[in-house]
1. How many residues, within the stretch 82-113, are in contact with a strand residue (DSSP E or B) (Cβ under 8 Å, 6 or more places away or on another chain), over 28 Å from TRP150 (Cβ atoms) and not small (Gly, Ala, Ser)?
2. Would you mind telling me which numbered condition in (1) in contact (Cβ under 8 Å) with a residue 24 or more places away in the chain; (2) charged (D, E, K, R); (3) farther than 24 Å from ARG104 by Cα ASP172 fails?
3. Answer yes or no: is there a residue in the stretch 186-200 that is open to solvent by 50 Å² or more (accessible area, probe 1.4 Å), assigned to a helix (DSSP H, G or I) and under 15 Å from VAL226 (Cα atoms).
4. Filter the stretch 22-50 for residues that are of a type in the set (Lys, Arg) and in a helix (DSSP H, G or I); which is nearest to ALA97 (Cα to Cα)?
5. From THR260, THR213, which residue is in a helix (DSSP H, G or I) and surrounded by 15 or more Cβ atoms within 10 Å (Cβ to Cβ)?
6. Filter the stretch 222-257 down to residues that are of a type in the set (Ser, Thr, Tyr) and surrounded by fewer than 19 Cβ atoms within 10 Å (Cβ to Cβ), then give me how many there are.
7. Kindly establish whether GLY218 is over 18 Å from ARG248 (Cα atoms), open to solvent by less than 50 Å² (accessible area, probe 1.4 Å) and assigned to a loop (DSSP other than H, G, I, E, B).
8. Quick one: how many residues across the stretch 242-256 are farther than 19 Å from ALA102 by Cβ, in contact with a strand residue (DSSP E or B) (Cβ under 6 Å, 6 or more places away or on another chain) and assigned to a loop (DSSP other than H, G, I, E, B)?
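The values are calculated or read from the model by the stated rules, or taken from the named source; none is laboratory data. In this text, all values refer to a predicted model and were calculated from it rather than measured experimentally. Don't worry about glycine lacking a Cβ; one is built from the backbone with ideal geometry, like all the others, and counts go over all protein chains shown. Protein only, heavy atoms only, side chains kept; ligands, DNA and RNA dropped before computing areas. Shrake-Rupley method; radii C 1.70, N 1.55, O 1.52, S 1.80 Å.
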Amino acid sequence: MLDLARLRALHAVSVHGSVAGAAAALGYTPSAVSQQISKLERETRTTLLERRGRGVALTEEARHLADAAQELLAIVERTETTLEERRGQPSGLLTVAAFASAARGLLPQVLADLAHRHPALDVRLTEVDPHLSVELVARGVTDLAVAHDWDIAPLPAPEGIEQAVIGDDLCDLVVPAGHPFTTRRVIRRSDLGGERWVCQPPGRVCHDWLVRTLRAAGFEPDIAHVAEENHTIVALVAAGLGVAVVPRLGTGALPPGAVTVPLEPGPVRRLYALWRTGAARRPAITEAVRSLQEHWTDRREAQGPLPGDLPSVRHPPGVPRQ
């Protein structure tokens, strides 16, 4: 009989493309995942992974087995959801994936809240690239994801995935202290030409927004410095090396030498919680969405109204936005 934990490990390797990626998603060490795969190979008397340079690739038999594993894991999920629903209390394991600034600026409070309210619920967080979130939920690798979209990049909503709005995250134009923009009441997008920019790498939504916005205004962006983390971007701005558009979530207080100026219209990204339709009745999902929305509202109210803010979106817990 095939072992479900070993099938789960193979499925994670198929989704993440590597043993290390699967280990990070499952909360194991890479050696533990490798051991699970080796045992599954012995059970099935089949080679499942092949060396490809420094990485591995699934054999044809492994891909077939990974597809079967996904179906089996979906059945297990439905069964666990029914049992948890009958108990009426959040319990068991809940895996959450979130992009970096949400993992830093929102999830710590949410995870602490859930741990306090529901001791029988074991929530595990993994930080992932934003564009991976929907796929990870759809393929059953994670139970719940916190993702975002912008006006230029609407969040995909594949069949079998439900979502609820968490709130709107305003993005600020951050410039060095003493920059001419600091003497202006408002900065418009048409004023942004000729600036040197600090930005995230190509392929990230922030980068794409900047390029499209400036080109729509008739400017070719001069991206002088590229960095992954918002804190690094802000530090480069504070050193006088350029200007940047930075989301407020997860950025924190600005260092000396960096200030925000009002940009109109200001870019806004909307945050969502996503989960599989089959798990929609699970109390753990309902409670996690409630906590995300509640802590987002508390966070925005603590900040107070700021220039350019949009109203924070409240969405009834447990009622998905289709």
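1. From the stretch 82-113, those in contact with a strand residue (DSSP E or B) (Cβ under 8 Å, 6 or more places away or on another chain) are 84, 90-103, 106-107, 111; that's our starting set.
So of that shortlist, the ones also over 28 Å from TRP150 (Cβ atoms) come out as 84, 90-93.
Still in the running and not small (Gly, Ala, Ser): 84, 90, 93.
Matching residues across the stretch 82-113 total 3.
2. (3)
3. Checking the stretch 186-200: not a single residue is open to solvent by 50 Å² or more (accessible area, probe 1.4 Å), assigned to a helix (DSSP H, G or I) and under 15 Å from VAL226 (Cα atoms).
4. To start, the set of residues in the stretch 22-50 that are of a type in the set (Lys, Arg) comprises 39, 42, 45.
Now drop any that are not in a helix (DSSP H, G or I), which leaves 39, 42.
Working: LYS39: 28, ARG42: 32 Å.
Within the stretch 22-50, the match that is nearest to ALA97 (Cα to Cα) is LYS39.
5. Working: THR260 fails: in a helix (DSSP H, G or I).
Going through THR260, THR213 in turn, the sole match is THR213.
6. Keep residues of the stretch 222-257 that are of a type in the set (Ser, Thr, Tyr), which gives 232, 251.
Next, only the ones that are surrounded by fewer than 19 Cβ atoms within 10 Å (Cβ to Cβ) stay: 232.
The qualifying residues number 1.
7. Values: over 18 Å from ARG248 (Cα atoms): yes; open to solvent by less than 50 Å² (accessible area, probe 1.4 Å): no; assigned to a loop (DSSP other than H, G, I, E, B): yes.
Considered against the rule, which asks whether it is over 18 Å from ARG248 (Cα atoms), open to solvent by less than 50 Å² (accessible area, probe 1.4 Å) and assigned to a loop (DSSP other than H, G, I, E, B), GLY218 comes out as no.
8. 1
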